[in-house]
Amino acid sequence: SMITFPICPISYSSYTMAFSDTCSRPEGSSTGSAAADGARAYLIGGNWKSNGTVASLEKLIAEFNAAGPIPANAEVVVGAPFIHIPIALQSLRKDVEIAAQNCSLTGTGAYTGEITASQLKDMGVTWVILGHSERREGFGMAGEDSELVAKKTKLALAEGLKVMLCIGEKKEEREAGTTMDVCAEQLKAATAVLSEEDWANVSIAYEPVWAIGTGLTATPEMAQETHANIRQWMADNVSAAVAAAVRIQYGGSMKGANAAGLMSQTDIDGGLIGGASLTKGFFDVVNGVPSA
């Protein structure tokens, strides 16, 4: 049978409210204590990549909506394909924020096929994932370099979006012992254009490229070591205050089975979850957040 999703009543004007404000999303629920003052709240990001149909998304959203409370010391965000963002904005529980997986390097105008940060913000999207390793690599097109990712990040922040900025090394770089050189190069481009204040709206998603979708995962200790090095680099190159406050997510095949072990590490402040975010098992990761 034909599935139709509800269209929100379009009875608003561009200067009064976002599209999402006209939608009646179900309320969420929370459990436990919020993060203490000065402590970093966990950030659990889902990345649906180029997956899903209207039917599969409706099923997944129904599962997420029925998945029970979200820990009060965690923020949960899912990155939907552009075409599915309106469905998520219409029907996903209110306590799960919605991200785009990319945005353009331009403002609005004659840029066929591009979607701008301002258009995302206007829809009610609050986050964007930038610099994902798949986009840095390219798929039949030129990959995005660190300067391009940094410029997109600055533009997205200026338009009022928050950014999950992805960095990470490939297998041969890990084996050559150059993990931090690679991460530093990727971060350096961002620190060159971002103000200290900008970092309040940026999380760093560390994704060891060799562990994405391969089933390989860094041990919690390996991941912690790199996260601690990234935080130290931020202290040395931005400020101690930004380094202490910035959230560093782990993005290498985190799933329900390993989430709690990874997030129990001092410098791992959440995850950016690919495959596992396409199933109700995503909430096993959410529920792996350590208590405040």
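The values are calculated or read from the model by the stated rules, or taken from the named source; none is laboratory data. All values reported here derive from a predicted model rather than from experimental measurement. Backbone-built Cβ (ideal geometry, glycine too); neighbour counts: all protein chains shown. Protein only, heavy atoms only, side chains kept; ligands, DNA and RNA dropped before computing areas. Shrake-Rupley method; radii C 1.70, N 1.55, O 1.52, S 1.80 Å.
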TODO: Could you look through the stretch 277-292, keep only residues that are open to solvent by less than 10 Å² (accessible area, probe 1.4 Å) and β-branched (Val, Ile, Thr), and pick out the one that is farthest from Val77 (Cα to Cα)?
DONE: Val285
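Would it be correct to say that Tyr42 is within 28 Å of Ser133 (Cα to Cα), in contact with a helix residue (DSSP H, G or I) (Cβ under 9 Å, 6 or more places away or on another chain) and aromatic (Phe, Trp, Tyr)? Walk me through it before giving the result.
Numbers: within 28 Å of Ser133 (Cα to Cα): yes; in contact with a helix residue (DSSP H, G or I) (Cβ under 9 Å, 6 or more places away or on another chain): yes; aromatic (Phe, Trp, Tyr): yes.
So Tyr42 passes the test.
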TODO: Might you check whether a residue that is aliphatic (A, V, I, L, M), touching a helix residue (DSSP H, G or I) at 6+ places or on another chain (Cβ under 8 Å), at pLDDT 95 or above and more than 22 Å from Asn51 (Cα to Cα) occurs anywhere in the stretch 271-282?
DONE: no
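Check Ala74, Ala80, Ala88, Ala66 and return the single one that is surrounded by fewer than 14 Cβ atoms within 10 Å (Cβ to Cβ) and at pLDDT 95 or above.
Working: Ala74 fails: surrounded by fewer than 14 Cβ atoms within 10 Å (Cβ to Cβ); Ala80 fails: surrounded by fewer than 14 Cβ atoms within 10 Å (Cβ to Cβ); Ala88 fails: surrounded by fewer than 14 Cβ atoms within 10 Å (Cβ to Cβ).
None of the others qualify; the one that does is Ala66.
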Open item on the list: Restricting to the stretch 154-178, name every residue that is crowded, with 22+ Cβ neighbours inside 10 Å and not aliphatic (A, V, I, L, M).
Closed with: Cys166, Gly168, Glu169
Task: Answer residue from the stretch 212-233, given it is within 20 Å of Val149 (Cβ to Cβ) and hydrophobic (A, V, I, L, M, F, W, C) and is surrounded by the fewest Cβ atoms within 10 Å (Cβ to Cβ) among those - done: Trp233
Task: Tally, over the stretch 50-77, of residues that are of a type outside the set (Val, Ile, Thr) and within 23 Å of Val289 (Cβ to Cβ) - done: 14
Open item on the list: I'd like to check something: does the stretch 277-286 contain any residue that is assigned to a helix (DSSP H, G or I), polar (S, T, N, Q) and touching a strand residue (DSSP E or B) at 6+ places or on another chain (Cβ under 6 Å)?
Closed with: yes
- [ ] Return the total of residues in the stretch 249-276 being assigned to a loop (DSSP other than H, G, I, E, B) and surrounded by 17 or more Cβ atoms within 10 Å (Cβ to Cβ).
- [x] 10
- [ ] Please determine, by comparing only the residues of the stretch 14-35 that are among the aliphatic types (A, V, I, L, M) and modelled with pLDDT under 95, which one is most open to solvent (accessible area, probe 1.4 Å).
- [x] Met17
Task: Filter pass, Glu185 being surrounded by fewer than 22 Cβ atoms within 10 Å (Cβ to Cβ), part of a helix (DSSP H, G or I) and free of Cβ contacts under 8 Å to residues at least 12 places away in the same chain - done: no
Task: Answer residue from the stretch 155-195, given it is closer than 23 Å to Gly45 by Cα and of a type in the set (D, E, K, R) and is farthest from the chain's Cα centre (by Cα) among those - done: Lys170
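Residues of the stretch 112-140 being assigned to a loop (DSSP other than H, G, I, E, B) and either open to solvent by 40 Å² or more (accessible area, probe 1.4 Å) or closer than 27 Å to Pro208 by Cβ (or both), which ones? Show your work before the answer.
Initial filter on the stretch 112-140 (assigned to a loop (DSSP other than H, G, I, E, B)): 112-116, 124-126, 131-132, 138-140.
Listed by number, the residues that qualify are Thr112, Gly113, Glu114, Ile115, Thr126, Gly131, His132, Gly138, Phe139, Gly140.
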Task: Tally, over the stretch 91-111, of residues that are open to solvent by 10 Å² or more (accessible area, probe 1.4 Å) and either under 25 Å from Ser30 (Cβ atoms) or within 18 Å of the chain's Cα centre (by Cα) (or both) - done: 6
TODO: Please verify whether the stretch 141-152 includes one or more residues that are without any contact (Cβ under 8 Å) to a residue 40 or more places away in the chain and either closer than 20 Å to Asp198 by Cα or open to solvent by less than 70 Å² (accessible area, probe 1.4 Å) (or both).
DONE: yes
- [ ] State whether the residues of the stretch 201-209 include one that is open to solvent by 10 Å² or more (accessible area, probe 1.4 Å), of a type in the set (Phe, Trp, Tyr) and on the phi < 0 side of the Ramachandran plot.
- [x] no
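Given the condition in a helix (DSSP H, G or I) and in contact (Cβ under 8 Å) with a residue 60 or more places away in the chain, answer yes or no: does some residue in the stretch 90-105 qualify?
Filtering the stretch 90-105 for residues in a helix (DSSP H, G or I) gives 90-91.
The next check asks that each one be in contact (Cβ under 8 Å) with a residue 60 or more places away in the chain; those that pass are 90-91.
For the stretch 90-105, residues in a helix (DSSP H, G or I) and in contact (Cβ under 8 Å) with a residue 60 or more places away in the chain: present.
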